[in-house]
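The structure appears right after this line, and notes come after that.
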Amino acid sequence: MSEAGVVLPVSPMTESEWDMLIGQVSQRLVVPVIGPELLTCEEAGEEHSLFAIWARELAARAKIPFSGSTDSALYDVANELSVLPKYGNPLVMAYNIDDVIRNPPRPIPDALKKLAEISSFSLYVTTTIDHLMEDALKAARSKNQFVGDVVFTTSGTLNQKDLSKDFGPESDPMLYHLFGSSSKVPDSFAKTDDDLIEYSWALLDQEHRPNVLYDYLQGKTVLLLGCSFPDWLGRFLVRALYRDKSANTINIYYVSPRCEPGLAEFLKRRWASVITTESAADFVTKLHQKWREKCTDASVAETPPAEMQPGFKPGSVFLSYASEDRDAVRKIRAQLEAANIDTWMDERRLESGDDYEQRIRENISKAAFFVAIISRTFALPSRALGGYVFKEWKWAEDAAMARRKDDAFLQPLVIDDTPKGAAFIDEPYRSLHWAELRDGRLQPEFMELLNRGIRNYRRPR
């Protein structure tokens, strides 16, 4: 993928245009789309593209010449590797690309930090395959907020790669990976130009496209920040966002110093604003500054996390866990919610009293499933003295007595290498079938079991 576009004359926004945009941000009507231009790293006192740095390291591993310094360099090197006998193997290529992205860990770019601090953003979309935006969100947001992520791929079920149907502007922050997310799994992200074509087509295809995401974007303003793609890819992306070629219900800002003339004309025909600045990072800096000036802590209060809000949706999945495993369980919850599976987890165990415990018991009794999270935490000496989690497990046993055996209400889920039948896990959980994570992901058959059980629970009787 060659570097996209030519440098255009600077076309900054007027103050009135800034006022309008910041007003939309404060009303949670804006969705930022992160492009590779925002990913930079300082080397020898100069800013360099992280995609170029990763490409250089990937080329060095394969011992092929490297002279690129552009945001597209990683794809250019991957294109070359794809025809080599050793490195062209999809599994080998995925491993090496993921490894150069993750090792050594890179500092979070300043532009991503600033975007993460704008708490009026609920949804972030990234066109890059790294994990830095997720790191930025986790570092910037309140500990009471959970940062979820959804990874689009060209395979898998639709409910695993689309937003939850109940996602809204007041939800906890969500990061959507438009072209996948790097991992050791070959088909989990776009690696070459051919992959980008496949992903672009899937984003438009009726069978694969994320309709909930597209529905959420209707009526919103989308900021394409540093997404200076080639003409063909830029048109694919914009066409996917609009979904219906006859509709112009999304307001688009294209922010980059570069844009191919054909793409610029295409954007203008879509009534998009082409904002050219010295860099997309400069635009983000000014956006962050103006948002802070307008939106005080009082006017843009952080939304309480879902588990702190009142109410429990009958038929949800109750997640029971030891407090030491909270972070891991939050990631599990994000995967379930992304698959449109309603969940509930108790984050307020410091509360006490009969009323609170009665509410927990009622939630368990109204759940479609009780998922007991199993880990080596339960082997710790402190756990021998008991804990609130054991109360939940006992209450769930009581609730299971009122269910049919075929309902499989009790669902143990092991999140580490705890061996099946471990003595430190109480019965009946020890002897039940255990679901498990693989590379941190829930398995499709487990998700399908939950989905089917929830449908049966909520079916009119």
Could you grab the pairs with beta carbons closer than 6 Å, sequence gap of 6+ or different chains, first residue in segment 428-450 and farther than 26 Å from Trp395 by Cα, second one part of a strand (DSSP E or B)? none
Hey, among the residues in segment 134-190 that are of a type in the set (A, V, I, L, M) and surrounded by fewer than 17 Cβ atoms within 10 Å (Cβ to Cβ), which one's nearest to Phe236 (Cα to Cα)? Leu158
The lone exception for Thr276 - which of (1) more than 24 Å from the chain's Cα centre (by Cα); (2) under 21 Å from Asp19 (Cα atoms); (3) at pLDDT 80 or above; (4) surrounded by 16 or more Cβ atoms within 10 Å (Cβ to Cβ) it fails: (3)
Of all the residues that make up segment 55-75, how many are in contact (Cβ under 8 Å) with a residue 60 or more places away in the chain and assigned to a helix (DSSP H, G or I)? 1
Test result for Leu38, farther than 29 Å from Ser171 by Cα and crowded, with 21+ Cβ neighbours inside 10 Å: no
Give the residues of segment 75-90 that are surrounded by fewer than 18 Cβ atoms within 10 Å (Cβ to Cβ) and not charged (D, E, K, R), sorted by residue number. Asn79, Ser82, Val83, Leu84, Pro85, Gly88, Asn89, Pro90
Which pairs turn up if I take residues in segment 76-89 that are closer than 14 Å to Ala60 by Cα and look for partners that are modelled with pLDDT under 85 and not small (Gly, Ala, Ser) with beta carbon separation below 6 Å, at least 6 apart in sequence or on another chain? Leu81/Tyr87
Hits in segment 194-211 (condition: of a type in the set (Asp, Glu) and either touching a residue at least 60 places away in the same chain (Cβ under 8 Å) or in a helix (DSSP H, G or I) (or both)): Asp194, Asp195, Glu198
Select from segment 10-21 the residues that are among the hydrophobic types (A, V, I, L, M, F, W, C) and under 13 Å from Tyr253 (Cα atoms) and list them in ascending order. Met13, Trp18, Met20, Leu21
Scan segment 355-376 residue by residue and report those that are more than 27 Å from the chain's Cα centre (by Cα) and at pLDDT 80 or above. Glu357, Gln358, Arg359, Ile360, Arg361, Glu362, Asn363, Ile364, Ser365, Lys366, Arg376
Output the residues belonging to segment 179-193 that are part of a loop (DSSP other than H, G, I, E, B) and touching a residue at least 60 places away in the same chain (Cβ under 8 Å). Ser182, Ser183, Lys184, Val185, Ala190, Lys191, Thr192
Glu117 - would you say it is modelled with pLDDT under 90 and either touching a Leu at 6+ places or on another chain (Cβ under 7 Å) or farther than 27 Å from Gln443 by Cα (or both)? no
Which count do you get for residues in segment 427-446 that are surrounded by 14 or more Cβ atoms within 10 Å (Cβ to Cβ) and either at positive phi or at pLDDT below 90 (or both)? 1
So, restricting to helices (runs of 4 or more DSSP H) that lie completely within segment 80-177, which ones have at least 3 residues that are in the same structural domain as Asp194 (by TED's automatic domain parsing)? 110-117, 132-140
Looking only at segment 100-147, which residues are under 20 Å from Ser188 (Cα atoms) and of a type outside the set (Val, Ile, Thr)? Arg102, Asn103, Tyr124, Asp130, His131, Leu132, Met133, Glu134, Asp135
Need the failing condition index for Arg28 against (1) surrounded by 15 or more Cβ atoms within 10 Å (Cβ to Cβ); (2) closer than 22 Å to Phe229 by Cα; (3) not hydroxyl-bearing (Ser, Thr, Tyr), just the number. (2)
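The values are calculated or read from the model by the stated rules, or taken from the named source; none is laboratory data. These figures come from a predicted structure and were not determined experimentally. Glycine gets a Cβ as well: all are built from the backbone with ideal geometry, and neighbour counts include every protein chain shown.
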